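Working notes, beginning with the structure itself.
The values are calculated or read from the model by the stated rules, or taken from the named source; none is laboratory data. Please read all numbers here as calculations on a predicted model, not as lab measurements. A quick note on method: Cβ atoms are made from the backbone with ideal geometry, for glycine too, and the neighbour counts reach across all protein chains shown.
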Amino acid sequence: MLNQTLGVVLAIVGSYILGSIPTGYWYGRLRGIDIRKQGSGNLGATNVLRVLGKTAGVLVLSVDVAKGFLAVALLPHLTPFPGLDYVRVACGLAAVLGHTYTLFLQFKGGKGVATTYGVLLALAPVSTILVFLAFVAVVAFSKYVSLGSLVSAVLFPIFIWLLGESGQGFSILFLALVVGTAVVAKHRSNIRRILDGTENRLGKSAAPGEKPKGGGQA
């Protein structure tokens with residue numbers, strides 16, 4: 001029993017540490033800048049894209065998604081219950097919490113959208129693909145990445161419920177509801193800027209040195 005408990009604890013802690021990797025910040029440092037002081041001030045791929053270009057944005061996005069996916073797909077194998085949804089959900093939630101409250105930056109991290117996509121891609125792949133298509137459509141139409149993220153947060157639990165990917169004891173649905181609510185809460189400042197027309201649109205570049213607008217990390 002002790003070994004089983006230890007395995008679960010190690011998997012959850014490992015998932016948190018994996019999620020805590022501040023991809024955008026570290027990549028920015030490699031390029032000689034603090035991404036928190038550029039563009040929107042966000043850590044996420046959208047701000048990295050605006051400040052450092054497409055290649056950097058895609059790289060950061062890919063790693064942030066991979067953090068969530070690997071936390072669910074690999075780390076539960078440290079436990080005797082790698083296929084148990086409750087363990088997989090706990091690892092996924094830990095990864096998202098790590099991204100949002102990273103131990104590497106005094107627990108000030110991102111909004112968790114990309115990492116949530118990775119987690120739910122491993123847990124509910126069909127729903128995740130459909131939500132991603134909706135995200136692409138919203139961003140293509142509005143040019144607001146934040147609006148696409150908000151729509152994703154709302155659609156995830158709906159699709160997971162409708163498509164029967166809720167998991168054992170509705171654990172995956174519960175995760176989607178909790179994380180979706182947190183994502184919406186993290187985007188409060190973006191919602192205000194969308195409503196008053198000052199939110200950054202996709203395609204607008206930000207030169208290094210531009211004063212951040214604020215609104216938290218992405």
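Structure above, values below:
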| quantity | calculated |
| --- | --- |
| Given (1) surrounded by fewer than 20 Cβ atoms within 10 Å (Cβ to Cβ); (2) of a type outside the set (S, T, N, Q); (3) modelled with pLDDT under 95, number of the condition GLY110 does not satisfy | (1) |
| Count of residues meeting criterion [over 9 Å from ALA71 (Cβ atoms), in a helix (DSSP H, G or I) and under 12 Å from the mean Cα position of the chain (by Cα)] in segment 94-104 | 3 |
| Lone qualifier among PHE104, PHE141, PHE135 - being surrounded by fewer than 16 Cβ atoms within 10 Å (Cβ to Cβ) and more than 11 Å from GLY19 (Cα to Cα) | PHE141 |
| Checklist (1) within 15 Å of THR115 (Cα to Cα); (2) in contact with a helix residue (DSSP H, G or I) (Cβ under 7 Å, 6 or more places away or on another chain); (3) of a type in the set (A, V, I, L, M) applied to VAL8, failing item | (1) |
| Only one of GLY28, GLY57, GLY7 that is assigned to a helix (DSSP H, G or I) and either in contact with a strand residue (DSSP E or B) (Cβ under 9 Å, 6 or more places away or on another chain) or crowded, with 23+ Cβ neighbours inside 10 Å (or both) | GLY28 |
| Those residues of segment 109-141 which are of a type in the set (Gly, Ala, Ser), farther than 17 Å from VAL60 by Cβ and in contact (Cβ under 8 Å) with a residue 12 or more places away in the chain, in sequence order | ALA122, ALA124, SER127, ALA134 |
| Unique residue being in contact (Cβ under 8 Å) with a residue 12 or more places away in the chain, among the hydrophobic types (A, V, I, L, M, F, W, C) and within 20 Å of LEU147 (Cβ to Cβ) when the list is LEU10, LEU43 | LEU43 |
| Residue within segment 66-88 that is touching a helix residue (DSSP H, G or I) at 6+ places or on another chain (Cβ under 7 Å) and polar (S, T, N, Q) present | yes |
| Residue in segment 105-119 that is charged (D, E, K, R), assigned to a loop (DSSP other than H, G, I, E, B) and under 23 Å from THR181 (Cβ atoms) present | yes |
| Yes/no for ASP64 being under 20 Å from ALA176 (Cα atoms), surrounded by fewer than 24 Cβ atoms within 10 Å (Cβ to Cβ), charged (D, E, K, R) and in contact (Cβ under 8 Å) with a residue 24 or more places away in the chain | no |
